[in-house]
Structures are given as structure tokens and as C-alpha cells.
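Colleague: Once you've had a glance at the structure underneath, I'll fire off some questions.
The values are calculated or read from the model by the stated rules, or taken from the named source; none is laboratory data. Just so it is clear, the model here is predicted, and its values are computed rather than measured. Cβ sites come from the backbone with ideal geometry, for glycine too, and all protein chains shown count toward neighbours.
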Amino acid sequence: MTRIAILCKAGFSQGMGHVFRQVRLGRLLRSRGMDIEFFVPDHQPSIELLQRENFSPNITDKEDSLPVKMDLVFDLALLDIQDTQKVFIHALRDRAKKIMSFEDLGEGRNFVDLLVDCNLEPEQAQYLNPKVKALFGLPYSVLAEEFQHYHQQKKIFSENLTSLIVTMGGTDPNNLTSRLAQCFLQSTKNTAVTFVAGPGFKETQALIQLTSSRDSFRVLQKPDNMAELLFNHQAVCCSGGVTLHEAMAVGTPAFVINQVIAQQKKTRPLEKQGAAIDLGLAKDFDPDKISRIWELTQTQLESMSGKARELVDGKGIVRVADEIFALVSN
């Protein structure tokens with residue numbers, strides 16, 4: 001049986017997007033008969049997520065050092081820790097026959113076998129060590145398999161925005177969810193708004209209390225099917241991480257408040273293509289920009305939806321899994 005070690009970063013400030021992504025990929029690889037072991041920091045929401053998915057996580061002290069329990073040779077070490085160092089990759093060669101990395105901008109990226117980064121354009125692979133195979137671009141965005149289904153469904157928009165979902169990731173370190181709730185409470189619009197409290201969000205009870213005065217508001221904790229939830233809303237306020245690509249796959253126009261600069265670097269080109277709207281960085285959050293949500297016409301929403309779907313089809317997880325299978329088979 002092929003043995004794969006998945007090393008993820010996770011925490012309140014780092015968020016849970018890396019773990020969510022690898023849980024999706026891990027499920028698919030496991031269904032193909034591969035044995036999956038996770039190595040993650042001591043972050044309780046991430047550990048609980050892995051346990052719910054029937055993975056037994058190994059706890060690591062530092063995400064950029066070899067885990068103590070990683071004492072066997074794996075067929076593949078899959079890294080979702082970003083910014084790896086050359087010395088780390090070389091040390092990992094004693095524990096893994098092959099190494100792949102996700103969204104890695106560190107010097108270690110030039111010493112792996114496979115590099116996946118849906119945020120980079122394919123032509124940027126020319127700057128890599130030629131021995132590294134690169135899977136660059138939005139076709140390699142790893143989303144849950146159900147996004148493929150909703151990508152194919154027809155999405156209907158009304159003349160006025162009737163529903164909006166706010167989902168700022170697993171931890172929302174800048175508490176954008178509550179800040180947006182305050183903004184929407186001051187609006188006279190009667191739009192139905194769903195606020196998603198991620199598993200690592202620390203202000204859930206305060207958010208529930210804050211939104212309880214508006215009948216058209218609701219708070220959801222740990223939703224089961226994000227694809228269906230995003231599809232059933234006419235627009236989304238999200239960060240520029242994985243959720244943005246999820247929204248694009250199902251054709252839900254996204255208003256993006258970026259948690260970090262790296263997210264904004266990928267959001268701005270999408271805005272130029274008409275596939276999303278960039279509302280800036282969380283640290284410079286301007287409540288007045290929220291008015292742009294209500295200004296869009298039905299025609300504009302339909303246009304954003306169509307352009308987003310053209311860029312993300314939801315099949316990236318299968319493409320990446322196929323490449324992994326080919327890598328470990330060599």
C-alpha cells in the first residue's frame with residue numbers, strides 16, 4: 001500500500017485552509033487505496049476536524065522540522081506548510097521517496113518533485129529548477145468533490161440581491177465576520193444574510209448575540225456542505241483564500257476582504273477579469289466599501305458568475321490526485 005505523509009500548517013493566525021484542503025485531497029487518495037498519515041501542530045480545531053474525517057493526526061512541535069513520529073519511510077511526503085527551506089527538504093529525503101509541496105515560495109520549492117500552486121500563472125514555472133514539475137494555475141485549485149456538481153447547475157439571480165453569505169475562513173483572525181455584521185445591521189436593506197462561524201472562530205457567541213436583533217440574519221456553525229451553501233446564496237463576502245475559489249466554482253459573485261497581502265495579490269487580477277471584487281485588506285477595512293455590494297445589478301452579478309465559473313471548474317482535486325498517483329507509481 002502506498003504510504004503518504006501530509007504535513008500541514010495550522011493555527012489561529014495561519015487559519016485552517018491548509019488542513020481543509022488536505023483533508024479533501026486525503027479523502028480522495030484514501031478512496032484510491034492509499035494510506036494517509038497527517039502531521040499537524042497542536043491546534044485543537046484542526047485536530048478535531050481530522051478526527052471527524054477518520055484521520056489520526058500526529059502532533060508536531062514545529063511545522064518546519066521533521067516530526068519525531070515520522071520514523072518510517074513514506075512513498076510521498078506532501079507539504080502544505082509554505083516557505084520551506086532547502087535544508088528541510090534535503091533532510092526529508094531520508095524519510096520520503098518523493099516530495100511535493102503546495103503554494104511554496106521558499107527556497108525549498110526548487111528541491112521537491114512536484115509543486116502545486118493555483119495562485120501562480122503557468123508561465124511562472126520557468127523560474128523553477130527544471131527538475132521540478134509544476135502544476136500552476138486555477139485548474140489545480142483543490143476543492144471538495146461536490147463543487148464539480150454545483151459548477152454544472154444553473155444559477156438564477158433576481159433584480160435585487162436577496163441573499164448574502166459571510167464566510168471568513170476557519171479562524172477569521174481579524175474578526176471580519178463580526179465587523180461585517182455591524183455594517184449590515186446599519187443598513188436598511190432586508191437582504192437575508194448567513195454568517196458562517198468557522199471551527200476556530202473565537203467570537204461565535206458574541207456574533208449570535210449581535211445578529212439576533214435582525215430576523216433575516218442567521219449564524220451557522222461548522223456547515224456540512226459549503227458547495228450547496230455557497231450556491232444557494234446570490235453573493236458572498238469572503239477572504240482571498242480557498243473560499244474564494246469555492247465561490248467561483250459555483251458561480252457565486254465574491255466580495256473579497258483579504259486577510260493578508262498574499263491573498264490580495266491573487267484577488268486583484270481576478271477583479272480585472274470581472275470574476276470578483278476586491279474590497280482591500282482586513283487591516284485597512286473600510287465599512288463604506290460595503291455599499292458596492294448593493295450597487296450591482298442583476299446583469300453585473302450574472303456576468304461575474306459566468307466569468308468566475310470559466311476560471312474554476314471544481315475538478316482541480318482530481319487533476320492533482322492523478323498527478324500524485326503518477327508520481328508515486330514511477
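Colleague: With respect to the numbered conditions (1) basic (Lys, Arg); (2) modelled with pLDDT under 95; (3) in contact with a helix residue (DSSP H, G or I) (Cβ under 8 Å, 6 or more places away or on another chain), which one is the sole condition not fulfilled by Lys265?
Modeller: (3)
Colleague: Another question, then. Under the condition of being touching a strand residue (DSSP E or B) at 6+ places or on another chain (Cβ under 7 Å) and part of a loop (DSSP other than H, G, I, E, B), which residue from region 96-113 is surrounded by the fewest Cβ atoms within 10 Å (Cβ to Cβ)?
Modeller: Here the residue is Asp113.
Colleague: Sticking with this structure for a sec: Only one of these is without any contact (Cβ under 8 Å) to a residue 40 or more places away in the chain and either within 27 Å of Ala321 (Cα to Cα) or not aliphatic (A, V, I, L, M) (or both): Leu128, Leu135. Name it.
Modeller: Being without any contact (Cβ under 8 Å) to a residue 40 or more places away in the chain and either within 27 Å of Ala321 (Cα to Cα) or not aliphatic (A, V, I, L, M) (or both) holds for just one of Leu128, Leu135, which is Leu128.
Colleague: Among the residues of region 114-143, how many are crowded, with 18+ Cβ neighbours inside 10 Å, of a type in the set (Gly, Ala, Ser) and part of a helix (DSSP H, G or I)?
Modeller: Matching residues across region 114-143 total 0.
Okay, residues lined up against (1) part of a strand (DSSP E or B); (2) modelled with pLDDT of 95 or more; (3) under 20 Å from Ile324 (Cα atoms):
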site	(1), (2), (3)
Phe39	yes, no, yes
Ser46	no, no, no
Phe55	no, yes, yes
Glu63	no, no, no
Val68	no, no, no
Gln82	no, no, yes
Phe88	no, no, no
Ala91	no, no, no
Asp94	no, no, yes
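Colleague: So, one more: Could you go through region 301-324 and let me know if any residue there is over 17 Å from Cys238 (Cβ atoms), modelled with pLDDT of 95 or more and over 22 Å from the mean Cα position of the chain (by Cα).
Modeller: Yes, region 301-324 contains at least one residue that is over 17 Å from Cys238 (Cβ atoms), modelled with pLDDT of 95 or more and over 22 Å from the mean Cα position of the chain (by Cα).
Colleague: Sort out for me the helices (runs of 4 or more DSSP H) sitting completely within region 248-330 that have 2 or more residues that are under 30 Å from Met1 (Cα atoms).
Modeller: Qualifying helices (runs of 4 or more DSSP H): 316-329.
Colleague: Quick one: which of Phe285, Phe231, Phe255 is more than 19 Å from Thr177 (Cα to Cα) and in contact with a helix residue (DSSP H, G or I) (Cβ under 8 Å, 6 or more places away or on another chain)?
Modeller: Just a single option satisfies the conditions, and that option is Phe231.
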